[in-house]
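The values are calculated or read from the model by the stated rules, or taken from the named source; none is laboratory data. None of the values given here were measured: they were computed from a predicted structure. Quick reminder, even Gly has a Cβ in these numbers, built from the backbone with ideal geometry, and neighbours come from all protein chains shown.
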């Protein structure tokens with residue numbers, strides 16, 4: 001029996017595999033535990049030469065899933081292929097797939113990772129800062145926006161602060177939430193490519209802060225296959241991929257995992 005975390009991560013792994021086959025993408029820049037697990041799983045499922053750029057240190061240093069270790073999650077003895085600067089050059093040239101987790105995403109595809117509400121000098125909620133979004137959002141590379149909770153506080157009509165500008169036409173921009181997979185059309189806005197099982201057009205219409213077109217014949221995402229579930233379990237035996245989907249239980253498990261990771265240092 002697969003969980004929402006399994007489904008979400010499997011969909012992302014399939015996206016990576018398709019990007020490699022369709023556009024020759026060979027490097028994925030990951031930002032979350034789920035995106036890292038998906039990239040590692042995609043390797044096991046046939047895209048063996050997929051390189052992973054975790055964080056800002058090294059490219060393809062064989063990281064392991066973790067919640068709080070950052071660069072320290074790299075395996076000892078790994079052989080990185082190049083410095084982080086190489087990754088940023090590849091992004092600018094359209095040679096890489098980038099996963100981002102904005103604090104807000106809007107109807108135009110603009111992103112915010114700076115602040116929510118208030119003013120820039122006195123925000124209601126302070127976020128980490130724009131980081132790579134000014135470059136990533138309009139780069140020719142593929143970009144996936146991961147927003148686990150399909151809610152109006154994150155998916156907004158207009159972002160409170162523009163960290164990343166709306167992407168230019170013809171950029172491939174995909175949004176993955178707990179409801180499904182969506183694509184940005186520069187002329188017509190967001191549309192549903194596929195919905196998760198037991199999700200319908202009414203669920204999409206009732207969630208988020210901007211309209212999303214859902215065709216009557218929109219397909220349903222296929223459940224993970226046994227091979228895909230085996231790949232996820234192999235690369236993420238502690239099921240860290242599911243924590244962000246488990247509500248209060250996930251928050252408590254995250255606290256335990258972080259404490260264990262700190263003890264392991």
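Among the residues of region 18-48, those identified as over 15 Å from residue 147 (Cα atoms), in a loop (DSSP other than H, G, I, E, B) and out of contact with any helix residue (DSSP H, G or I) (no Cβ under 6 Å at 6 or more places or on another chain) are 24, 26, 46, 48. Could we say that residue 155 is under 19 Å from the mean Cα position of the chain (by Cα), surrounded by 12 or more Cβ atoms within 10 Å (Cβ to Cβ) and over 22 Å from residue 6 (Cα atoms) here? Criteria met by residue 155. Is it the case that residue 162 is modelled with pLDDT of 90 or more, surrounded by 16 or more Cβ atoms within 10 Å (Cβ to Cβ) and either touching a strand residue (DSSP E or B) at 6+ places or on another chain (Cβ under 6 Å) or not in a strand (DSSP E or B) (or both)? Yes.
Of everything in region 1-17 that is out of contact with any strand residue (DSSP E or B) (no Cβ under 9 Å at 6 or more places or on another chain) and closer than 13 Å to residue 144 by Cα, the residue that is surrounded by the most Cβ atoms within 10 Å (Cβ to Cβ) is 9.
Return yes when residue 89 is part of a strand (DSSP E or B), surrounded by fewer than 19 Cβ atoms within 10 Å (Cβ to Cβ) and at pLDDT below 90 and no when it is not. Break it down stepwise before answering.
Details: part of a strand (DSSP E or B): no; surrounded by fewer than 19 Cβ atoms within 10 Å (Cβ to Cβ): yes; at pLDDT below 90: yes.
So residue 89 does not fit the description; no.
If I filter region 92-123 down to residues being part of a loop (DSSP other than H, G, I, E, B) and exposed (fewer than 13 other Cβ atoms within 10 Å of the Cβ), which single residue comes out as modelled with the highest pLDDT? Applying the filter and picking the extreme gives 122.
Within region 165-208, the set of residues being over 25 Å from residue 242 (Cα atoms) and assigned to a loop (DSSP other than H, G, I, E, B) comprises 165, 166, 167, 168, 169, 170, 171, 172, 186, 187, 188.
Each residue in region 213-232 was checked for being within 19 Å of the chain's Cα centre (by Cα) and more than 22 Å from residue 38 (Cα to Cα), and 0 pass. Report, by residue number, each residue of region 165-185 that is free of Cβ contacts under 8 Å to residues at least 24 places away in the same chain and either surrounded by 17 or more Cβ atoms within 10 Å (Cβ to Cβ) or more than 15 Å from the chain's Cα centre (by Cα) (or both). Within region 165-185, 169, 170, 185 qualify.
Just name the residue that is modelled with the lowest pLDDT out of those in region 186-199 that are surrounded by fewer than 13 Cβ atoms within 10 Å (Cβ to Cβ) and on the phi < 0 side of the Ramachandran plot.
Taking region 186-199 and keeping what is surrounded by fewer than 13 Cβ atoms within 10 Å (Cβ to Cβ), we get 187-188, 197-198.
If we keep only those that are on the phi < 0 side of the Ramachandran plot as well, we get 187-188, 197.
On the way: 187: 83, 188: 86, 197: 95.
For region 186-199, the residue satisfying everything is 187.
Just so you know, in region 240-252 the residues that are modelled with pLDDT under 75 and in a helix (DSSP H, G or I) include one that is surrounded by the most Cβ atoms within 10 Å (Cβ to Cβ), and it is 250. Within region 224-238, the set of residues being touching a helix residue (DSSP H, G or I) at 6+ places or on another chain (Cβ under 7 Å) and part of a loop (DSSP other than H, G, I, E, B) comprises 224, 236. Taking the criterion of being touching a helix residue (DSSP H, G or I) at 6+ places or on another chain (Cβ under 9 Å) and surrounded by fewer than 19 Cβ atoms within 10 Å (Cβ to Cβ), the residues of region 131-147 that qualify are 135, 140. With respect to the stated conditions, residue 128 fails to be exposed (fewer than 15 other Cβ atoms within 10 Å of the Cβ), over 20 Å from the mean Cα position of the chain (by Cα) and in a loop (DSSP other than H, G, I, E, B).
Just wondering, is there one or more residues in region 57-80 that are modelled with pLDDT of 70 or more, at positive phi and under 18 Å from the mean Cα position of the chain (by Cα)? Can you show your working first?
The first filter runs over region 57-80 and keeps only residues modelled with pLDDT of 70 or more, leaving none.
No, every residue in region 57-80 fails to be modelled with pLDDT of 70 or more, at positive phi and under 18 Å from the mean Cα position of the chain (by Cα).
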